[in-house]
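Peer 1: Please see the structure below; I have some questions.
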Amino acid sequence: GNNRGQFGGRNYSGNLDRDKNAVGGYGGYMYPTILPNGDVRIESFDNPKHRWYPVNDPVMGGSSMSSVTVLRETGIFDGEVVDVPRLDAPGFIKMETRGGNFPDVSMCRALKLTLKSANDYTGIRVTLGRHHADDAQPWVRGYKAHLTEIPMDGFGEVIMPFSDFSDKWDPRTGDTTVSCKEDKIHCPDEATLVDFTTFSFMGEGVDGKVHLEVKTIDATDCNHSAKEYQKEDAYKGEGFTGFTYAGILVGFLVVGAVNFFVGRKYERERRYNEPSGADGISLPPSVEVEQGYGSTQDDIVMT
């Protein structure tokens, strides 16, 4: 039969059905949503905008398994990393979202994660983007950083500077081999910060059970002008943002302008006819009268 491996629904032939085990929304944030404290909202699991799903190592012959759920306004990543038999090394599990609309966070310097862990598992990584380093293997993509000091007694904030992320990491363990601080060529590029495209939490390189609960994902330490700050209810979906009102206004203006010019063109076309002997040239009524193509306005044939 068809040997299927779990990759959020991906099988070995490369087909993808992310919704098979997915939870959350579908679109992401259409515009950068700047919170009252200046942070940029990427995701909030009280009303998730992105579609999240599990990706596990059976795609490479492993046995690690995980699930992704949303419960009590929290994204829950639960599973276990075990050795891949043919590699005699730990596999991986992943809570991932792809596509959708990621906000531009190029004006920010770090991620802020509000989360907690049920245990002291030490193999959690965060990966963002689809960037491919020049000397990396074809399937090695994105910038990765080790998530450490995760709260266990209750939800807390963890700050991950973008300078902690690198595109130079070991695909077998997830460990960084050359850091951004050691060589800036491995720092997240602007294209990635403008649009992550992909974001994930991973259990990788360490065997053990994983239970991660996530409330929010934000970018922090950002540079904004005061006018860019939005009301608190805007990012909860309870009100329109300035971007929304501006978009509606522009839409009305564009539709009005198009209708005006189309109408003018139609009226001009109605005032022309196709006079005989004019070699296919349509002339306005005033010219036709002057040149004898019609003696009066009533003689003009409307087309």
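Where a number appears in this text, it was derived from the coordinates with a stated rule and is not lab data. These figures come from a predicted structure and were not determined experimentally. We place every Cβ from the backbone using ideal geometry, glycine too, and count neighbours over all the protein chains shown.
Peer 1: What does the net charge come to around GLY75 if you take all other residues with beta carbon closer than 11 Å to its beta carbon, with K and R at +1 and D and E at -1?
Peer 2: Local charge sum for GLY75: -3.
Peer 1: Let me check I've understood the local charge: for TYR143, count other residues with C-beta under 12 angstrom from its C-beta, Lys and Arg +1, Asp and Glu -1. What total comes out?
Peer 2: Residues close to TYR143 contribute a combined charge of +2.
Peer 1: Expected output is a single nm value to one decimal: the length gained when fully extending between ASN37 and THR173, i.e. 0.36 nm times separation in residues minus the C-alpha distance. What is it?
Peer 2: Stretched fully, the ASN37-THR173 segment lengthens by 45.3 nm.
Peer 1: In nm, give the distance between the simple-model label positions of VAL140 and THR122, each being 7 Å from the Cα along the Cα-to-Cβ direction.
Peer 2: 2.3
Peer 1: Quote the FRET efficiency, to the nearest 0.05, computed for ASP46 versus ARG130 with a Förster distance R0 of 22 Å and r equal to the Cβ-Cβ distance.
Peer 2: Here the calculated transfer efficiency is 0.20.
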